[in-house]
Amino acid sequence: MVEKQNINIPLIVTIGLVSTVLLFVIFVGLQAWFYSEVEDEQVIKNTGRINLKLADHDLAQREKMNHYRMVDSQKQIVAIPIDEAIKLTAKKHEAR
């Protein structure tokens, strides 16, 4: 004789409803966060404020381009300012 399995339908419906509501809340929250970030970026662009992370990165890149520095001390590789590199390259090609 086959036993009939008892399925708890109210529990399954409750879990389904709670999952649906939770998914909807997460979706709405993510969308609100996205629109908030977009609005913040527009405010920054429209007010002319400087992005500090970008300014710091730009300053670090300029320092690398305009100063002597040791790249690899074991191989004795040194980086020179870009203006000096341009002058040296021009002199090298003039000699040819």
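The values are calculated or read from the model by the stated rules, or taken from the named source; none is laboratory data. In this text, all values refer to a predicted model and were calculated from it rather than measured experimentally. Positions of Cβ are generated from backbone atoms using ideal geometry, with glycine treated the same way; all protein chains shown enter the neighbour counts. Note: areas computed on protein heavy atoms with side chains; ligands, DNA, RNA excluded. Shrake-Rupley method; radii C 1.70, N 1.55, O 1.52, S 1.80 Å.
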Unmet requirement for Val78, which otherwise passes all of (1) exposed (fewer than 10 other Cβ atoms within 10 Å of the Cβ); (2) of a type in the set (A, V, I, L, M, F, W, C); (3) modelled with pLDDT under 90: (1)
So Asp40, is it surrounded by 10 or more Cβ atoms within 10 Å (Cβ to Cβ) and of a type outside the set (Phe, Trp, Tyr): yes
Residue list for region 1-23, restricted to those being open to solvent by 100 Å² or more (accessible area, probe 1.4 Å) and not β-branched (Val, Ile, Thr): Met1, Glu3, Lys4, Gln5, Asn6, Leu17, Leu22, Leu23
Single residue of Ile26, Ile50 found to be assigned to a loop (DSSP other than H, G, I, E, B), hydrophobic (A, V, I, L, M, F, W, C) and open to solvent by 80 Å² or more (accessible area, probe 1.4 Å): Ile50
Selection count, region 53-69, where residues are surrounded by 11 or more Cβ atoms within 10 Å (Cβ to Cβ) and of a type in the set (A, V, I, L, M): 1
Pair list, Cβ < 9 Å and 6+ apart or interchain, from region 49-66 residues that are over 20 Å from Ile82 (Cβ atoms) to residues that are open to solvent by less than 100 Å² (accessible area, probe 1.4 Å): Arg49/Val43; Ile50/Ile44; Asn51/Ile44
